[in-house]
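Worksheet: the structure to be examined is printed underneath.
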Amino acid sequence: MLRTRSLDTFLRLVEGIMNDPAIQLYLSLAGSPKGAPNENFARELMELFTLGSGYSEQDVREMARALTGWRRRRVNGIVSTYWDPAAHDDGMKTIFGQSGPFGPDDVIVLVTTHPAHAPFLVAKLWAFFVTEPLDPGTAAALQSTYLSSGQSIKALVGAILAHPALYARLEAPDMVKWPAVAVAGALRTTGSPVSSRAYARLMSQMGQRLFRPPSVAGWDWGPAWLSTNAMHARVQLASTMVAGGSHGVRVRAGRAGADWTPAQHLDAALLTMGRPWIARDTQAILLSVARDFADGEPTPARAVALQRLLCQLVLAGPDAQVC
Amino acid sequence: MARCYDPYEMTRRQLVGRGVGAGLALYGAKLLTFDRMLEQAAAQDVPNAPVLVSVFLPGGCDLLAAFPPLDQVGRYNDLRASLSPGDGFTPLPNESRLGFHPALADGINGGIAGMFGNGRIGLLPGIDYADPDLSHFHSRNFWERGQITLQGGTGWLGRWLDVHGSANPLQGVTMDQRQSPLLTTATAPNAAITDPETAALRFAYMEGSFADKADAAWAKMTALSRATPGAAAAMQTAKDTQSVGKLLAPVGASALAAPVVYPGGEFAGQLRTLAALIAQPLGVRIATVDAPGDYDTHDNQAADLQDALGQLSRGLSAFQADLEARGVADRVLTFVWSEFGRRPRSNRSGGTDHGAGGMAWVQGTRAVSGVLSDFPDLSRLDRLDNLAVTVDFRSVYASLLEQWLASDATQILPDAANAGRLQLIR
């Protein structure tokens, strides 16, 4: 459902989510009956998925009434959900100052036509893709793109991806790679298959278990991905790949000539590790590491050790953690 | 309180006022040598330097299920319907007005109920803030930062490190993969630890003199400055990661072995490791742990709370017994909290929705014991049918800063001057 509707209109996406047994069970929408509604889904629908702010506790309660009617059942050990008209409260509700005998399909129209919705979605998607702050003019233009396209997610994401701000910091990137990007990105840019469960374990140590967010709000992003424990795991990712977690990386990192110059060493390491962004000052340090490594007369064994070290430093170092 | 030796203190205080990125960049430029940092870590290990441990119960723990008010049982049964044990309440030892959830007796020495009876717990029912926000994420953000405004920025314990800390990253320890938002700092380094025995940085194929070269190379490439927040955080964390590995190198299996038997599970393991780290001369001053289980009991409350409170009780009672057996209990105070309470009237899905007037407690041999705030009156609910707030969490924070960490609360908490104080420490 998320794959097929993620670039559809936002209304269609919310509709798909609301009708999905996964969210109905996760956020107590199934088993929220007339008379004693459960507020869980109504609150998170507004706070996390559509509005962020601009609603009252009374709106939460009235919306929970409008969303009553789904039940859960277990057949042969499998839990599913179904709509039971008798469990739905079909009385009058007042939500955002409008009154009516609202039901679930009205709720998703109400939240997606609320004036706080477009600014909320624009700011949220912008921050996901771009580290530059969103200026009011750009925000207004993106909101207009979104609304005039009939709330098309594709149109909005397209406008963000085409915005010059996305490309403004290529020489000094500042977006902290989240663990899935750090791991999958390293595998992809080095041409390595997912050949080991170690990658999932390392991603978890970096603070991200896929499909297991810490709460319905998901993870905290940005610099919050970085802790000393997570950084340790990012170093382990590099050492694991060089040590054979990636066959191709291990083979390439193990090739070096005793006659290589420091520049050749660094260039080979960058090539092997998929050329992550490395600042000039860091490159200068890596060159100095290469110059000092031989302790006099270089030997083939020392050259290989140096190449292996540079490969690990390139992928594990602080610069490679941002994009 | 004994001050930590910190030659850059004034500089760093000035830096707090600037942007995070600029602060980190400048701080990074004033590199301390590793030996200097070790000196500082040692200097910080003043005997009796107090340690504050935060234990967070995520999701909003239900005060009424954890500690039912026995003098309001009739009203309680009306509100809680099938969630109430009826007349099956057991009073807390030495406190006839309050009962406890049966799972809170799990563990060494009678669990949390036992610790209450032994004068180790000061309970804070009704803790929250005026006009509480019933969003998990808003309330949690307020508690983490110690102020009632929605914004990013540093955690309240991180700010304490910024003002009073040193260059030792072990001064603030999150027992988890990710760093706790409570410990977000402007400049002070801190650590997230899952396994002290594997914390050292290791590079593949780097043995002997190669290991030294790898170590030196990492130190050089993490000493650069970066002007923007993400890149600066990567630089600082990469540097701190190496320091943490070196500082933890002496902590081996014998230091980590616990003098008491812990239950299984990740939470108990985190507490066991933490007790061992506190007992070593590492300079740990603040530590945070998240409790396991689902406290956001919109449904299935009976089973979920039985599990969550049982794990909490078994873990915390073992932790307290461990600290006492190691002889360090008098310098450790544990603060247990959750982001809000739950609705007095249960819903019809076998659970309770978000409410106000939650719960917290201080735990330790030096905690004032008993019930330290008024229990909310079940017949006087607020305009949203929630429990009344009887104590503001900021007054508890201010009291902890002053009485336990011997610090000026107004430097850490913007609202400290207007917050009341409670006696929490004896």
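The values are calculated or read from the model by the stated rules, or taken from the named source; none is laboratory data. This is a predicted model, so every value here is computed, not measured. Ideal geometry is used to build each Cβ from the backbone, glycine not excepted, and the neighbour counts take in all protein chains shown. Note: areas computed on protein heavy atoms with side chains; ligands, DNA, RNA excluded. Shrake-Rupley method; radii C 1.70, N 1.55, O 1.52, S 1.80 Å.
Cross-linked pairs A:LYS124/B:LYS246; A:LYS154/A:LYS177; A:LYS34/A:LYS154; A:LYS177/B:LYS246: Cα-Cα separations exceed 32 Å for A:LYS124/B:LYS246; A:LYS34/A:LYS154. The distance between label points at A:THR113 and B:ASP212 comes to 7.5 nm (points 7 Å beyond Cα on the Cα→Cβ vector).
Surface composition of segment B:142-252: carbon plus sulfur atoms hold 54% of the accessible area, using a 1.4 angstrom probe and ignoring ligands, DNA and RNA. The calculated 222 nm mean residue ellipticity attributable to helices in chain B amounts to -10500 deg cm²/dmol, summing -39500 (n - 2.57) over DSSP H runs of n ≥ 4 and dividing by all residues. Spacing of the modelled spin labels on A:LYS154 and B:ALA249, each 7 Å from Cα toward Cβ, amounts to 5.8 nm. Comparing A:ILE153, A:ILE285, A:ILE108, which has the greatest mean-square fluctuation in the GNM of chain A with Cα pairs linked when under 10 Å apart? Greatest mean-square fluctuation among the candidates belongs to A:ILE285.
Distance from the C-alpha centroid of segment A:243-288 to that of segment A:150-189: 26 Å, rounded to the whole angstrom. Which is the longest run of chain A containing none of the trypsin sites (Lys or Arg not before Pro) found in DSSP loop states (not H, G, I, E, B) with at most 15 other C-beta atoms within 10 Å? So the longest stretch without any such site is A:1-196.
For segment B:194-272, which chymotrypsin sites (Phe, Trp or Tyr not before Pro) are in a loop by DSSP, counting at most 14 other Cβ atoms within 10 Å?
Numbers: sites: B:PHE203, B:TYR205, B:PHE210, B:TRP218, B:PHE267; in loops: B:PHE203, B:TYR205.
Answer by residue number: there is no such site.
Averaged over the residues of B:191-204, the number of partner chain Cβ atoms lying within 10 Å of the residue Cβ comes to 5. Of the residues A:TYR146, A:TYR82, ranked by 1.4 Å probe accessible area with the largest first, the sequence reads A:TYR82, A:TYR146.
For the peptides A:221-233, B:380-392, the ranking by packing is A:221-233, B:380-392, with the highest mean count of neighbouring Cβ atoms within 10 Å listed first. How far is it, in nm, from the label point at A:LEU170 to the one at B:ASN118 when both lie 7 Å from their Cα along the line to the Cβ? Label at A:LEU170, label at B:ASN118, 6.5 nm between them.
In deg cm²/dmol, rounded to 500, what helix-only [θ] at 222 nm does chain A give when every DSSP H run of at least 4 residues adds -39500 (n - 2.57) and the total is split over its residues?
On the way: 16 runs with 160 residues, N = 323.
For chain A, the value works out to -14500 deg cm²/dmol.
Interface size, chains B and A: roughly 4900 Å² of accessible area buried, both sides included, 1.4 Å probe, rounded to the nearest 100.
Computed from Cα positions, the angle between helix B:229-248 and the longest principal axis of chain B comes to roughly 90 degrees.
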